[in-house]
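So the structure is just underneath, and the comments pick up after that.
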Amino acid sequence: MTLINIGFGNMVSSAKLVAIVSPESAPIKRIIQDVRDKGMLIDATYGRRTRAVIIMNSGHVILSPIQPETIAGRMAGKTIVEAEENEEE
């Protein structure tokens, strides 16, 4: 299980991650509101502006203050490091 830092020391499992999207579009704003009403929204922004919306396979939605590209880069970086470790063994 690989954990990805989504800001302020908060981590999510890459195995459960479905999508990382920008919060600007109307459909994403609607998803956020629907999930908030259901009580399945996790706000990890610590009062900062939401820059990424992370959708999990459990139906939870996580708000992050970090750009989607940065989170995706962290995810890709972890994958590369793990692949190198597996080759060494």
Report task. Tell me which residues, restricted to segment 4-27, are in contact (Cβ under 8 Å) with a residue 12 or more places away in the chain and over 16 Å from Pro65 (Cβ atoms). Result -> Ser13, Ser14, Ala15, Lys16, Leu17, Val18, Ala19
Report task. Give the residue that is farthest from Gly73 (Cα to Cα), with candidates limited to residues of segment 13-30 that are in a loop (DSSP other than H, G, I, E, B) and not acidic (Asp, Glu). Result -> Ser25
Query raised in the report: Any idea which residue in segment 1-12 is modelled with the lowest pLDDT, counting only those that are more than 11 Å from the chain's Cα centre (by Cα) and either assigned to a strand (DSSP E or B) or of a type outside the set (A, V, I, L, M, F, W, C) (or both)?
Result: Thr2
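The values are calculated or read from the model by the stated rules, or taken from the named source; none is laboratory data. Note that this is a predicted model, so its numbers are computed, not measured. Neighbour counts run over all protein chains shown; Cβ positions are idealised from the backbone, glycine included.
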